[in-house]
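What follows is a set of notes on a single structure, which appears directly below.
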């Protein structure tokens, strides 16, 4: 006999009980939640020597039946994590507004063996962005998606990837970066969890500053042209607020459309309901402004 929490991209979590594979629901707290969305598909593509996987979620069919729709790439945090079928607030929000949502599992993610998970060591942003961009090509070829109206969204390492992406490519028409890292060099001395970086960079920033610099968006900031919304909690000790401020300030000075929103008394994860609602409204408004015209 086992108990588990069961959920999917469109089914809210409930507790189930029974033999593995034969669970029966024992709660129905979320039974009233209804999600209007199309099918979810697992996509696979080749990137360098790797086979990469991601999820393409479609809005309700009548939302895009008339033509091609915009898409938002949602990059997971971690970087050692993975997207699997689950009830995602961000994905469901975007689906409800008629966006396709693409959730890739680039190198560095769990699920495809140790070599794949370790493939971003000393290479943050480089190989994983190639994986994501090739995944975008796969998604665009697989569904009625407008390649000129693709955005990118992320929080934590995903926020870093959004910041990094807009300094490396003009492929994205808009970006939203939550709790992102603009400079691995300054971040090393600001955050309170810096020991996690050593296995990924191979040494401290004081011993090998070049390996940190080569993956820092601030080093390539003059390439940025993508309108970017920057979100941050003012008490974030994992990714301190100066990271978001520095990125926003640089974009502003360079004339790139940008906004910075700092949420008071919030840490790495935004918790207050009114702040979460504000993020939802701003995120949709930002993508609507740049992806729906």
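The values are calculated or read from the model by the stated rules, or taken from the named source; none is laboratory data. For clarity, every value in this text was computed on a predicted model and none was experimentally measured. Positions of Cβ are backbone-derived with ideal geometry, glycine not excepted, and every protein chain shown enters the neighbour counts.
Is it fair to say residue 108 is at pLDDT 95 or above and on the phi > 0 side of the Ramachandran plot?
yes
Would a scan of region 115-132 turn up a residue that is in contact with a strand residue (DSSP E or B) (Cβ under 6 Å, 6 or more places away or on another chain) and either buried (at least 22 other Cβ atoms within 10 Å of the Cβ) or within 26 Å of residue 289 (Cβ to Cβ) (or both)?
yes
When the residues of region 191-202 are filtered to those that are crowded, with 18+ Cβ neighbours inside 10 Å and at pLDDT below 95, which remaining residue is farthest from residue 238 (Cα to Cα)?
Step one: list which residues in region 191-202 are crowded, with 18+ Cβ neighbours inside 10 Å, which gives 191, 197, 200-201.
In the following step, the residues that additionally are at pLDDT below 95 were identified as 191, 197.
Working: 191: 5, 197: 12 Å.
Among those that are crowded, with 18+ Cβ neighbours inside 10 Å and at pLDDT below 95, it is 197.
Any chance region 253-266 includes a residue that's surrounded by fewer than 19 Cβ atoms within 10 Å (Cβ to Cβ), closer than 29 Å to residue 96 by Cβ and at pLDDT below 95?
No, there is no match, as no residue in region 253-266 is surrounded by fewer than 19 Cβ atoms within 10 Å (Cβ to Cβ), closer than 29 Å to residue 96 by Cβ and at pLDDT below 95.
Within region 23-34, identify whether any single residue is surrounded by 13 or more Cβ atoms within 10 Å (Cβ to Cβ) and part of a strand (DSSP E or B), and answer yes or no.
no
Checking residue 269 against (1) under 25 Å from residue 196 (Cα atoms); (2) in contact with a strand residue (DSSP E or B) (Cβ under 9 Å, 6 or more places away or on another chain); (3) at pLDDT 95 or above, only one condition comes out false. Which one?
So the condition that residue 269 fails would be (3).
Name the one entry in 205, 182 that is touching a residue at least 24 places away in the same chain (Cβ under 8 Å) and either buried (at least 21 other Cβ atoms within 10 Å of the Cβ) or touching a helix residue (DSSP H, G or I) at 6+ places or on another chain (Cβ under 7 Å) (or both).
182
Give the residue, chosen from 163, 197, that is assigned by TED's automatic domain parsing to the domain that holds residue 224, in contact (Cβ under 8 Å) with a residue 12 or more places away in the chain and touching a helix residue (DSSP H, G or I) at 6+ places or on another chain (Cβ under 6 Å). Show your work before the answer.
Details: 197 fails: touching a helix residue (DSSP H, G or I) at 6+ places or on another chain (Cβ under 6 Å).
Criteria check complete, one pass: 163.
Please work out which one of (1) under 30 Å from residue 192 (Cβ atoms); (2) part of a helix (DSSP H, G or I); (3) in contact with a strand residue (DSSP E or B) (Cβ under 9 Å, 6 or more places away or on another chain) is the condition residue 261 fails and give its number.
If we test residue 261 against (1) under 30 Å from residue 192 (Cβ atoms); (2) part of a helix (DSSP H, G or I); (3) in contact with a strand residue (DSSP E or B) (Cβ under 9 Å, 6 or more places away or on another chain), just (2) comes out false.
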